[in-house]
Amino acid sequence: QRILADTTYFRVFEVEGGMSSARTSFFHKSIGGYHAAKPRRMQQLFDYQIAKNNVRVLNMLNVKYIIQSDENGQKLALQNPAANGNAWFVEKIKFVNSANEEMKALDSLDTKNEVVMNERNYVDYFKGTKFNGEFKKDSLASIQLVSYKPNQLKYVSNNSNEGFAVFSEMYYQNGWKATIDGKDAEILNVNYVLRGLQIPAGKHTIEFKFEPEVIKTGSTIALMSSIGMFLLIGAGVYFERKKKIQD
């Protein structure tokens, strides 16, 4: 009840339930979700970091409340004031050369100011640029989640410098599209499971939309099938009437 009174956007982690607490997922946005099957990378993050009490990883997942039991077995909702929030700007990108190195880097990563990225995934993205992975972080820079839907997220950012933002949302390349002021932007996989975007200086509107190609293709096929069916029905009615007239 205490957690439900908080109307902001955040996640909840129940220590005893781990990644499989159906009760937490029923009432709140949990890190594991309601379904028994978990995204592989999220399960790996739990096994190698969260299970080892890496609080910085919970912070980057925007875990604002932690549920655990006291000495009498009573459940307590403890607020985590160090949660990173829905999105934030960082000062530095640490580049590694494999997924294993990326996971290992999370052992000591300052998730509020640093981000780790597997450079091999983005050779073309950084090719021909003078990008060195460092950004000037303005103390007044901000990025806020202003609209939340399961298939659409909208943020507003304000930064006097070009920046790199981390979004506390699962990276999933098959379907999620990002735009900055309506222009397409590439979503980068950072911190093993999260999304990152390079954002120009100034004030901007950032949107993530879930628009998988398979749904578009399925909708097109369904539409064409419906049109074909109506044409066949129409042709059948026409020829039937024509036959009656001739008779």
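The values are calculated or read from the model by the stated rules, or taken from the named source; none is laboratory data. Predicted model only: the values in this text are computed from it and were never measured. Positions of Cβ are generated from backbone atoms using ideal geometry, with glycine treated the same way; all protein chains shown enter the neighbour counts. Heads up: the accessible areas ignore ligands, DNA and RNA and are worked out on the full protein's heavy atoms, side chains in. Shrake-Rupley method; radii C 1.70, N 1.55, O 1.52, S 1.80 Å.
Among the residues of the range 76-128, write down those that are of a type in the set (Ser, Thr, Tyr) and either touching a strand residue (DSSP E or B) at 6+ places or on another chain (Cβ under 8 Å) or within 15 Å of residue 194 (Cβ to Cβ) (or both).
At the first step, the residues of the range 76-128 found to be of a type in the set (Ser, Thr, Tyr) are 98, 108, 111, 122, 125.
98, 111, 122, 125, listed by residue number.
Of all residues in the range 85-96 being in contact (Cβ under 8 Å) with a residue 60 or more places away in the chain and open to solvent by less than 30 Å² (accessible area, probe 1.4 Å), which is nearest to residue 117 (Cα to Cα)?
Of the range 85-96, the ones in contact (Cβ under 8 Å) with a residue 60 or more places away in the chain are 85-90, 93.
Within this subset, residues satisfying the condition of being open to solvent by less than 30 Å² (accessible area, probe 1.4 Å) are 85, 87-90, 93.
Working: 85: 20, 87: 17, 88: 16, 89: 15, 90: 13, 93: 7 Å.
Looking at residues that are in contact (Cβ under 8 Å) with a residue 60 or more places away in the chain and open to solvent by less than 30 Å² (accessible area, probe 1.4 Å), I get 93.
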Does residue 163 satisfy being touching a Pro at 6+ places or on another chain (Cβ under 9 Å) and farther than 25 Å from residue 31 by Cβ?
yes
Sort out which residues of the range 47-84 are open to solvent by less than 60 Å² (accessible area, probe 1.4 Å), under 12 Å from residue 106 (Cβ atoms) and either among the basic types (Lys, Arg) or in contact with a Phe, Trp or Tyr (Cβ under 7 Å, 6 or more places away or on another chain) (or both), and write them in order of number.
58
When residues of the range 1-56 are filtered for being of a type in the set (S, T, N, Q) and in contact (Cβ under 8 Å) with a residue 60 or more places away in the chain, how many remain?
1
All positions within the range 28-50 that are over 22 Å from residue 189 (Cα atoms) and out of contact with any strand residue (DSSP E or B) (no Cβ under 8 Å at 6 or more places or on another chain)
34, 35, 36
If you take the residues in the range 26-46 that are within 17 Å of the chain's Cα centre (by Cα) and under 15 Å from residue 67 (Cβ atoms), which one is most open to solvent (accessible area, probe 1.4 Å)?
29
Could you please give the count of residues in the range 97-113 that are of a type in the set (S, T, N, Q), open to solvent by less than 30 Å² (accessible area, probe 1.4 Å) and either without any contact (Cβ under 8 Å) to a residue 40 or more places away in the chain or not in a loop (DSSP other than H, G, I, E, B) (or both)?
0
Residue list for the range 154-176, restricted to those being open to solvent by 10 Å² or more (accessible area, probe 1.4 Å) and under 27 Å from residue 40 (Cβ atoms):
169, 170, 171, 172, 173, 174, 176
